[in-house]
Amino acid sequence: MRPAGISESITMIKGRIFFIFFIFLCSNLFSQQTVTGRIVDDSGESLSAVIIINMATDKKTYSNSQGMFSIEASPNDELRFVKEDFRRVSRRVLMDGVNSQLLITLFQIPKEIEEVKIVKRLTGDLDQDSRIVAKTDKGEQVRNAVGLPQPVGKMREKPAEVKSVLLPILLGNLNVQGMYDLISGKAKRQKRQYRYDDLQEHIAWVRSRVEDEYFIKAGIPADRISEFIQFSFAVKPQVRTYVKAKNLSGVLLRLEETIPLFLEKSK
């Protein structure tokens, strides 16, 4: 049986942890504000369909046809602005809560003019079509030719987990860094960042291996191809499974099923 003094200490620690989490939650809840702004390119033209992401809450919104946007945020939240073919930009919400309308400028990523290619017609045979629409990964060809080893996993700091931090406390061991990461929200932000990075990596994998013409012929505008791929990941998780397995034929098979759904949603 556990001595009364130890039981009281454990109860006190649990109470303090709950109180800290409660205060942290309330401070976030009541400090939120609406941040507004306008997004333009380097020539001053308004940019529509820019994705604005609050990295602290994972909330998203899009800029309208005039480049205007509004999003809920708390002081010191990071807002990220993402648009295909443009360099992404991040801004912090001011700590004093006074945020005048933001003016965000996105700079276009320079593109090399591609050589003219003769486009073959798709046959309906996914095995054959995947070879027709697939782009050549020259880096992979070089790695295969010289026998370079492939990297295993990703070098990432592992986010703190509630169980791995709280359970040792009951045994008298305090993980100070882990506790700080949980209370400050660092662990939650890390997990959210990793999910975002993995999503962008998987979208890029498809974009780098399938010609834009394949999507455009299916009725998907060029500036919404990445949005369509992300939509497909959500409604057909098998698409992402095939991406992880680097199975292009499987990816195309599942994408064919989501094209009508995306076009209907777009209407």
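The values are calculated or read from the model by the stated rules, or taken from the named source; none is laboratory data. Remember, predicted model here, so these are calculated numbers, not experimental data. Ligands, DNA and RNA are stripped out before the accessible areas are found, and what is left, the full protein with its side chains, is counted by its heavy atoms. Shrake-Rupley method; radii C 1.70, N 1.55, O 1.52, S 1.80 Å.
Tabulated data for the structure shown
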item: Too-long pairs where the Cα-Cα distance tops 21 Å, listed order kept, from K59/K244; K60/K265; K191/K244; K83/K246; K191/K246; result: K59/K244; K83/K246; K191/K246
item: For S74, distant residues with modelled amide H under 5 Å away; result: Q33
item: Length gained when the stretch A234-S65 is fully extended (0.36 nm per residue, less Cα-Cα span); result: 58.3 nm
item: Surface per residue (accessible, 1.4 Å probe) for the stretch 194-267, Å²; result: 51
item: Placed amide H near Y62: partners under 5 Å, 5+ positions off or other chain; result: I52
item: Under 5 Å, built H, 5+ apart or other chain: amide partners of L102; result: T36, G37, R38
